[in-house]
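Read-outs throughout are calculated quantities, based only on the coordinates presented, and are distinct from any laboratory measurement. It should be emphasised that the depicted structure is a prediction, and the values quoted were computed from it without experimental measurement. As a convention, Cβ positions derive from the backbone with ideal geometry for all residues, glycine included, and neighbour counts pool all protein chains shown.
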Amino acid sequence: MIFKQLFDKASCIYTYLIADLDQKQAIFIDPVNTNIDEYLALLNTHALQLKYSFETHVHADHISASGLLRQATGAETCIGLHCGAELLTIN
């Protein structure tokens with residue numbers, strides 16, 4: 001099991017990587033777009049497949065990396081139903 005806390009100084013946002021090393025599956029919680037290379041490197045280092053990217057809130061304090069992670073890994077983005085976020089699909 002991996003539970004790693006990452007901190008983005010510019011936005012003061014904590015991001016979390018949680019992974020099952022036996023299943024080689026992982027999730028990110030509140031990823032920040034400016035750290036996408038770090039996230040992909042962590043997945044690669046541990047040979048992990050990203051399954052989900054969770055957003056705990058929608059706020060102007062950071063731009064999410066969930067879309068970038070979805071494009072790079074095929075991971076699904078998860079967010080609370082009642083947070084007011086709208087889905088934007090880009091083909």
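When Phe7, Phe54, Phe28 are ordered from fewest to most other Cβ atoms inside 10 Å of their Cβ, what list results?
Phe7, Phe54, Phe28
Can you pull out the trypsin sites (Lys or Arg not before Pro) in the range 1-34 that DSSP calls coil and that have at most 15 other Cβ atoms within 10 Å? Please report the intermediate quantities before stating the final value.
Details: sites: Lys4, Lys9, Lys24; in loops: Lys9, Lys24.
Qualifying residues, ordered by number: Lys9, Lys24.
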Treat the count of other C-beta atoms within 10 Å as a stand-in for reagent exposure and order Asp20, Asp30, Asp37 from fewest to most.
Asp37, Asp20, Asp30
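Could you list Leu21, Leu69 in order of exposure, starting from the residue whose Cβ has the fewest other Cβ atoms within 10 Å?
Numbers: Leu21 12, Leu69 23.
In increasing order of surrounding Cβ atoms, one gets Leu21, Leu69.
Cα gyration tensor of the range 2-79, axes a ≥ b ≥ c as square roots of the eigenvalues: rounded (a/c below 1.5), prolate (a/b > b/c) or oblate?
On the way: a/c = 1.74, a/b = 1.50, b/c = 1.16.
Prolate.
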Restricted to the range 2-79, the DSSP antiparallel beta bridge percent, nearest 5, is 60 percent
